[in-house]
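Please read the structure below before turning to the comments.
The values are calculated or read from the model by the stated rules, or taken from the named source; none is laboratory data. All figures in this text were calculated on a predicted structure; none of them were measured in a lab. Here the Cβ positions follow ideal geometry from the backbone for every residue, glycine too, while neighbour counts run over all protein chains shown. We work out accessible area using only protein heavy atoms, side chains counted, and drop any ligands, DNA or RNA first. Shrake-Rupley method; radii C 1.70, N 1.55, O 1.52, S 1.80 Å.
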Amino acid sequence: MAVYWGQNSGAAGSLPYQQPLGAYCDDDSVDIILLSFLYILKGQGGYPVLNFANICDYTKNASVPVFPGTELMHCSDMGVDIKRCQEKGKIILLSIGGATAQLNSDAGTFSKQIWDLFMEGSSEFRPFDDAIIDGIDLDFEQQSQFDTIQFANNMNNYFKSGTRKYYLTAAPQCPYPDANLGNLLAQSHVDMAFIQFYNSGWCDNSKYGLPHWPEVSTHMSNYAAHQAIYTNNTAKVIINSQ
């Protein structure tokens, strides 16, 4: 099972606030945790901006440190939890995008930053200190000029130079083909696709549920059928219901 963690969305529905990342690593049913989100690609100083709601958000908590000249937060506790989760066999991915994303960088610069800030590259600014995430997820919910294919190809090349297994995933919306990630899925190596059954019009399971499942099944069949023409025809297609 894959879970998106970081936006405290349950609290909006009167559920308890999300717990620190490490708390979810004790759940044996969870296999993949997606840290959500890196939502601004190019902020102050040319560095990206993260938001993890009540866990690490300098705009709501002045005690959260920010690297000098940037809006990039230093989330040390999350770094400790990332390593703890990985020791328990969890795959930890950083999800880029979200509903309010600003996709305002170029693919070449941004891919190098991601490798340096969060993986095996080198930077004076490391949001999670020496913790190394297991890959990147693209959750682009609006159209932009950002070249997702170049970014994916760059990241896959960085992954090949690394010393561990990395993953590139995407979160297309249920209606096929996805307007923002369809070309990425067709033309780049993607390891997993987390199909969104939320924020997807009549495909939103929380609003419409079973009455629309015949149409939903058609779209899922399209994803499965076209998996064979993706650059990585072993990519996993995963149902993603928020």
(Q) Just to be sure I understand, how many residues within region 29-68 are closer than 22 Å to residue 134 by Cβ and assigned to a loop (DSSP other than H, G, I, E, B)? (A) 9
Q: Only residues that are open to solvent by 20 Å² or more (accessible area, probe 1.4 Å), part of a loop (DSSP other than H, G, I, E, B), out of contact with any Gly (no Cβ under 7 Å at 6 or more places or on another chain) and over 11 Å from residue 115 (Cα atoms): list them for region 131-157, please.
A: 142, 143, 144, 145, 147
Q: Only residues in region 44-65 that are under 16 Å from residue 9 (Cβ atoms) count as the first member; pair them with residues that are outside any helix (DSSP H, G or I) and of a type in the set (Phe, Trp, Tyr), Cβ under 7 angstrom, at least 6 apart or cross-chain, and list the lot.
A: 51/37; 51/39; 54/17
Q: Restrict the check to region 104-127 and report whether at least one residue is at pLDDT 95 or above, in contact with a Cys (Cβ under 9 Å, 6 or more places away or on another chain) and closer than 29 Å to residue 29 by Cβ.
A: yes
(Q) Considering only residues that are more than 14 Å from residue 95 (Cα to Cα) and either basic (Lys, Arg) or at pLDDT 90 or above (or both), which ones fall in region 162-180? (A) 162, 163, 164, 165, 180
Q.
As an exercise: evaluate residue 171 against (1) surrounded by fewer than 22 Cβ atoms within 10 Å (Cβ to Cβ); (2) farther than 19 Å from residue 118 by Cα and give the number of the one condition it does not meet.
A. (1)
Q: Mind listing just one residue for me: the one in region 74-99 that is open to solvent by 20 Å² or more (accessible area, probe 1.4 Å) and among the β-branched types (Val, Ile, Thr) and, of those, nearest to residue 47 (Cα to Cα)?
A: 80
**Q.** Residue list for region 100-123, filter: more than 15 Å from residue 46 (Cβ to Cβ), without any contact (Cβ under 8 Å) to a residue 40 or more places away in the chain and outside any helix (DSSP H, G or I)
**A.** 121, 122
